[in-house]
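The values are calculated or read from the model by the stated rules, or taken from the named source; none is laboratory data. Bear in mind that the values here come from a model prediction, so they are computed numbers and not experimental data. When we count neighbours, we look across all protein chains shown, and the Cβ atoms used for this are built from the backbone with ideal geometry, even at glycine. Surface accessibility is based on the protein's heavy atoms, side chains included, excluding ligands, DNA and RNA. Shrake-Rupley method; radii C 1.70, N 1.55, O 1.52, S 1.80 Å.
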Amino acid sequence: VLLKKGPLPTLVAVVTTKYNGVVNAAPVTWFTPCSYEPPRLALATKVESDTSANIRDTGQFVLQTVPFTDAQVVHNLARKLSRGESEVEYEGLEVVKSEFVDVPRLKIALQWFECRLEQVISCDTHYLWIAEVLNSEIPEIGSEEIPLLYFGGLKYAKPCEPIKVKPY
Ligand SMILES: Cc1cc2nc3c(=O)[nH]c(=O)nc-3n(C[C@H](O)[C@H](O)[C@H](O)COP(=O)(O)O)c2cc1C
């Protein structure tokens, strides 16, 4: 599948969603800002995923960048659990309450975007969610805290320095 395993190096974020009190987290690379004013983000997620079901049912998600030092735990968040199970709890990660949405972020988040759904576009295998970013305070990232990059498969990297992770 052409676009499945890379080959573009992309920035990795984690999307958190919540449904019935269960916090779901999944690593994502298919996201981009798409409007200055109001600030908007677009995110593509697989049709058959808990993340898609949760966004559809609640209209909310939090997109967050994470440090490259957390590559393994972030990779592990891609593990397929049932909708009633939380990858966040499975990995023993802590969460922090959000200000504008009912979905928390991960404590390890470097930057976070609290998002409210505005539009959805169906793209065959994925949904493209277009959402407004509600928080205006977004921390700057220090030079020692480089966000995680992804090269596809099991290869992650910080800029110019590839890191390999073990399969979960
Ligand atoms: C680094 C990385 C990036 C990923 N990017 C995306 C993405 O942009 N969109 C997507 O739908 N799935 C992406 N995936 C796969 C999901 O994380 C994976 O399917 C996950 O199990 C979905 O979880 P959920 O069913 O709890 O939503 C990515 C996986 C990895 C490891």
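Scanning the range 56-78 for residues that are near the ligand (Cβ under 7 Å from one of its atoms), of a type outside the set (Gly, Ala, Ser) and open to solvent by 10 Å² or more (accessible area, probe 1.4 Å) yields one hit, HIS75. Step by step: first the residues of the range 21-40, then only those that are within 15 Å of PRO147 (Cβ to Cβ) and surrounded by 14 or more Cβ atoms within 10 Å (Cβ to Cβ), then the one that is farthest from the ligand (Cβ to nearest atom). Which residue is that? Ranking the qualifying residues of the range 21-40, first place goes to PHE31.
Does VAL66 meet the test of being among the aliphatic types (A, V, I, L, M) and more than 15 Å from VAL14 (Cα to Cα)? It is false that VAL66 is among the aliphatic types (A, V, I, L, M) and more than 15 Å from VAL14 (Cα to Cα).
Per-residue answers, yes or no, for (1) in contact with a His (Cβ under 6 Å, 6 or more places away or on another chain); (2) at pLDDT 90 or above; (3) over 14 Å from ALA13 (Cβ atoms):
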position: TRP129; (1), (2), (3): no, yes, no
position: GLU132; (1), (2), (3): no, yes, yes
position: ASN135; (1), (2), (3): no, yes, yes
position: ILE138; (1), (2), (3): no, no, no
position: LEU149; (1), (2), (3): no, no, no
position: GLY153; (1), (2), (3): no, no, yes
position: PRO159; (1), (2), (3): no, no, yes
position: ILE163; (1), (2), (3): no, no, yes
position: TYR168; (1), (2), (3): no, yes, yes
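Candidates are the residues of the range 1-20 that are out of contact with any strand residue (DSSP E or B) (no Cβ under 9 Å at 6 or more places or on another chain) and modelled with pLDDT of 95 or more; the one that is surrounded by the most Cβ atoms within 10 Å (Cβ to Cβ) is TYR19.
Residue pairs whose Cβ atoms lie under 8 Å apart, separated by 6 or more positions or on different chains, with the first residue in the range 18-36 and touching a residue at least 12 places away in the same chain (Cβ under 8 Å) and polar (S, T, N, Q) and the second assigned to a strand (DSSP E or B) and surrounded by 13 or more Cβ atoms within 10 Å (Cβ to Cβ), are ASN24/THR16; ASN24/THR17; ASN24/LYS18; THR29/THR10; THR29/LEU11; THR29/ALA13; THR29/TYR150. Residue-level analysis places ALA53 among those that are within 11 Å of the ligand (Cβ to nearest atom) and over 28 Å from ILE146 (Cα atoms). Within the range 110-123, not a single residue is polar (S, T, N, Q) and within 13 Å of the ligand (Cβ to nearest atom).
For the range 19-48, a tally of residues being within 13 Å of the chain's Cα centre (by Cα) and either hydrophobic (A, V, I, L, M, F, W, C) or closer than 19 Å to LEU77 by Cα (or both) returns 15.
Working only within the range 79-120, note down all residues that are under 13 Å from the mean Cα position of the chain (by Cα), open to solvent by 20 Å² or more (accessible area, probe 1.4 Å) and within 21 Å of THR58 (Cβ to Cβ). Listed by number, the residues that qualify are ARG105, TRP112, PHE113.
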